[in-house]
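These notes are about the structure you will find just below.
The values are calculated or read from the model by the stated rules, or taken from the named source; none is laboratory data. Note that the coordinates shown come from a computational prediction; the quantities given were computed from them, not determined experimentally. FYI the Cβ positions are ideal-geometry reconstructions off the backbone, even for glycines, and counts take in every protein chain you see. These accessible areas exclude ligands, DNA and RNA; they are computed on the full protein's heavy atoms, side chains included. Shrake-Rupley method; radii C 1.70, N 1.55, O 1.52, S 1.80 Å.
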Amino acid sequence: MRCTIRVLLVAAALVLLAPATPAFAHSRLVASDPADGATVSTPLDAVALTFSDGVQQQFSTVVVTGADDSSYVDGSPRVADRTLTQPIRPLPNGAVRVAWRTVSADGHPIEGQFSFTVSGSGVRAATAAPSATTAATTDTTKDAAGGSGAMPWVVGGVVIVIALLAGTAFAGSRRRRRSGTPAA
């Protein structure tokens, strides 16, 4: 009996100490137009974010900040299929930061940010949805809680296993005391 308890405790400790792998069931950003780190020389009228799965429009926010620290958002974001598009006003030359937060189709909040540089000026040109040549962004996506959504489940499971093991050991020792059998 003691050997079994020790094995179970070691197994529970390994589960607790093992690194949690992120859950990829939730949407994540797979591309943006402009791409993260890109230099844009033509005027834009929108930024587009493409996700691995659908997102909910009513819970989506996109903030586009220009080199002058002003917001260039022009209206509300729109969702079509897996793409979230945020209309913007003409951007000044310099670094632009795009911060976003949305809720995936399964109800899980996600957020992230990326940046690009505007170099050039001219007449505003319309941009289409991201093309097949749009480079994938560096994935800065994380869930709104700041980490893997699986960790609370792992910790909870370990706590339950330890509680069950402790209860079983306690009940076994009480039975041995009542029956007069010495502990092994």
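Using the basic label-point model (7 angstrom from Cα toward the beta carbon), what is the Arg178 to Val63 distance in nanometres?
With each label placed 7 Å out from Cα toward Cβ, I get 6.2 nm.
Output ³J(HN,Hα) for the range 49-56: one whole-Hz value per residue in order, computed from phi by the Karplus curve 6.51 cos²θ - 1.76 cosθ + 1.60 with θ = phi - 60°, and x for Gly and Pro.
Values, residue by residue: 10, 10, 10, 6, 8, x, 10, 8 Hz.
Per-residue accessible area for His108 at 1.4 Å probe radius, Å² rounded to 10?
Spelled out: His108, probe radius 1.4 Å, area about 40 Å².
Ranked from highest to lowest mean number of other Cβ atoms within 10 Å per residue, what is the order of the peptides 30-36, 59-65?
30-36, 59-65
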